[in-house]
Amino acid sequence: MLYQEFFHEYVVYLENTDVAKTFVKLQKLRKKIMKKIISALTLVTFASFFLSAMAFAAGDKVAGAAIFKKNCAGCHGATGEGNGPAAVSLKPKPANFVNPAYKDSTGKNPKDYTDAELTAVISKGRKGTAMPTWKKSLSAAQISDVLAYERSLHK
């Protein structure tokens, strides 16, 4: 759309001016357009990051506790210590959200992950582990609630 308007404007220039001057003008115009596109993309990126951060902050840990008990406690345990009934047969063991000395298969403690990283793990699961994907069974709000509850377990 932008290019069509400017292209028409410069076709008129081509008819009335020297080709080299027109080429220089087109290059300047292209730079202007690219700056506008980059500015718009930057704005969209920051807006989506801000909205994502707001969604993470909005989690309800009380609601998350109920969801955790129903869906997560079988592996992670009722108190989030990675000691649920299924944990005995799992390798690697489920994450322990309570013990600050615990390190997962990547060498990190769950509290060291960003909200976005933990949301991705809850949503998509984790390869090489028994952690399943929950994005088809839980809404984004429910995942945010589970995240809020999980964060409350860190000591």
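Any read-out appearing in this document is the output of simple, stated calculations on the displayed coordinates, not a laboratory observation. Here the structure is a predicted model, which is why all the values come from computation and not from measurement. With ideal geometry, Cβ positions are generated from the backbone for all residues, glycine too; neighbour counts draw on all protein chains shown.
Can you tell me which lysines have their Cα less than 24 Å from the Cα of Lys32? Leave out same-chain residues fewer than eight positions away.
Within reach: Lys21.
Around Gly84, under 11 Å between beta carbons, what's the net of Lys plus Arg minus Asp minus Glu among the other residues? Walk me through the intermediate numbers first.
Details: positive: Lys69, Lys93; negative: Glu81.
Neighbour charge sum, excluding Gly84 itself: +1.
What is the packing order of peptides 66-76, 105-115, 142-152, 37-47, taking the mean over residues of other C-beta atoms within 10 Å and listing the highest first?
On the way: 66-76: 17.5, 105-115: 14.4, 142-152: 21.7, 37-47: 10.1.
Ranking the peptides 66-76, 105-115, 142-152, 37-47 by packing returns 142-152, 66-76, 105-115, 37-47.
If I model a spin label at Lys61 and Lys124 as a point 7 Å from the Cα along the Cα→Cβ vector, what separation in nanometres do I get?
Between Lys61 and Lys124, the label points sit 2.8 nm apart.
How much length is gained if the chain between Ser39 and Lys103 is pulled fully straight, taking 0.36 nm per residue apart and subtracting their Cα-Cα distance, in nm to one decimal? Walk me through the intermediate numbers first.
Details: separation 64, 0.36 × 64 = 23.04 nm, distance 4.03 nm.
Residue separation times 0.36 nm, minus the Cα-Cα distance, leaves 19.0 nm.
Calculate log10 I(q)/I(0) of region 59-153 for q = 0.11, 0.23 Å⁻¹, where I(q) comes from the Debye formula with a single equal point scatterer on each Cα and nothing for solvent.
The Cα Debye sum returns log10 ratios of -0.26, -1.33.
Take the Cα radius of gyration of region 96-152 and divide it by 2.2 N^0.38 Å, with N its residue count; two decimals is plenty.
In units of the globular-protein estimate, region 96-152 measures up at 1.09.
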